[in-house]
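Working notes, beginning with the structure itself.
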Amino acid sequence: MGSGDATRPARAVVFDYGGVLTTPSRVALRGWMEQEGVLPETFSAALKEWLSRSAPPGTPIHRLETGEISAEEFNRTLAQRLRTRDGGPVAPEGLLQRMFARLDSEPAMLDLVRALRQRGVRTALLSNSWGNEYPWDVLDGLFEVTVVSADVRLRKPDPRIYRLVLDRLGLPAEQVVFVDDGAPNVDAAEQLGMRAVLHTDPADTRARIAELTATPVDVEPPIAPDGAAGAAPRGKETR
């Protein structure tokens, strides 16, 4: 690996799913709490205890993301921590599905992935799963490599899951950009030598990726000779 790799255009971009390729998770969660009358303090307390930087290993969220417990078991565990505004319980059945029912795909980010592939930049998906179903009908063909935490029994920010993606891409860290909306995950990628983008807004992320890949993703790709824009190849690793 040459010393100039970090200054050359990146050859691949790895995307997180929730909050990056979708609308913000916090918006979906806020809508769920408002509809069901969940006390935000009870949810935020569990989230802080189970997911913050200071959280000990093996919290219910960690175990859900690595596939050690089922969504049903997590639902029961979380529901025990939640209360409604009138002091009542929150039903555990289908809790995760209800929490993220308002999580929608973000068209601007999906367009960015397509634009990168059409211009020869390789793409991958790296997601910590909360037992949720991914819209594979929407994501199919967008990624050469797909790694979901529960499938590999690893979760971000464990360095091993980033190395797994790099191994499947066959690229050194310095040639890969990682995009995530979680600062701890971005920090972990940078510590491995990846170039990382903390996602807050599609336009800002698009501009940053254009810079790091030296790819003009803010303009339409050239039209293929048959009159159709070049289609992204179907990825072998994509479900």
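The values are calculated or read from the model by the stated rules, or taken from the named source; none is laboratory data. Keep in mind the model is a prediction, meaning the values are calculated, not measured. Note that each Cβ is placed from the backbone with ideal geometry, even for glycine, and that neighbours are counted across all protein chains shown.
Residues in the stretch 119-138 that are within 21 Å of GLY182 (Cβ to Cβ), touching a strand residue (DSSP E or B) at 6+ places or on another chain (Cβ under 7 Å) and surrounded by fewer than 20 Cβ atoms within 10 Å (Cβ to Cβ): SER129, PRO135. Screening the stretch 125-215 for strands (runs of 3 or more DSSP E) wholly inside it with 2 or more residues that are in contact (Cβ under 8 Å) with a residue 60 or more places away in the chain returns the ranges 145-148, 176-180. Every condition in (1) buried (at least 19 other Cβ atoms within 10 Å of the Cβ); (2) of a type outside the set (S, T, N, Q); (3) touching a residue at least 60 places away in the same chain (Cβ under 8 Å) is met by MET33 except one, and the failing one is (3).
Looking at the stretch 50-81, which of the residues that are in contact (Cβ under 8 Å) with a residue 60 or more places away in the chain and part of a helix (DSSP H, G or I) is nearest to LEU95 (Cα to Cα)? Break it down stepwise before answering.
Quick first cut of the stretch 50-81, residues in contact (Cβ under 8 Å) with a residue 60 or more places away in the chain only: 53, 61-62, 64-68, 70-71.
Adding the requirement that they be part of a helix (DSSP H, G or I) leaves 61-62, 64-65, 71.
Working: ILE61: 14, HIS62: 17, LEU64: 14, GLU65: 16, ALA71: 9 Å.
Only one residue tops the list, namely ALA71.
Taking ALA55, is it at pLDDT below 95 and in contact with an Asp or Glu (Cβ under 7 Å, 6 or more places away or on another chain)? Taking the combined requirement at face value, the residue satisfies it. Being assigned by TED's automatic domain parsing to the domain that holds VAL147 and either at pLDDT 95 or above or buried (at least 16 other Cβ atoms within 10 Å of the Cβ) (or both) holds for only one residue in LEU64, LEU116, LEU95, and it is LEU116.
Take the stretch 112-124 and flag every residue that is among the basic types (Lys, Arg) and either outside any helix (DSSP H, G or I) or on the phi > 0 side of the Ramachandran plot (or both). If you could, list the steps in order and put the result at the bottom.
Pass one, the stretch 112-124, residues among the basic types (Lys, Arg): 114, 117, 119, 122.
If the condition is that a residue be among the basic types (Lys, Arg) and either outside any helix (DSSP H, G or I) or on the phi > 0 side of the Ramachandran plot (or both), then ARG119, ARG122 are the ones that fit.
If a residue must be within 25 Å of the chain's Cα centre (by Cα) and of a type in the set (A, V, I, L, M, F, W, C), how many such residues does the stretch 75-90 contain? Steps first, answer last, please.
Step one: filter the stretch 75-90 for residues within 25 Å of the chain's Cα centre (by Cα), giving 75-79.
Of the ones still in play, those that are also of a type in the set (A, V, I, L, M, F, W, C) are 78-79.
Residues in the stretch 75-90 being within 25 Å of the chain's Cα centre (by Cα) and of a type in the set (A, V, I, L, M, F, W, C): 2 in total.
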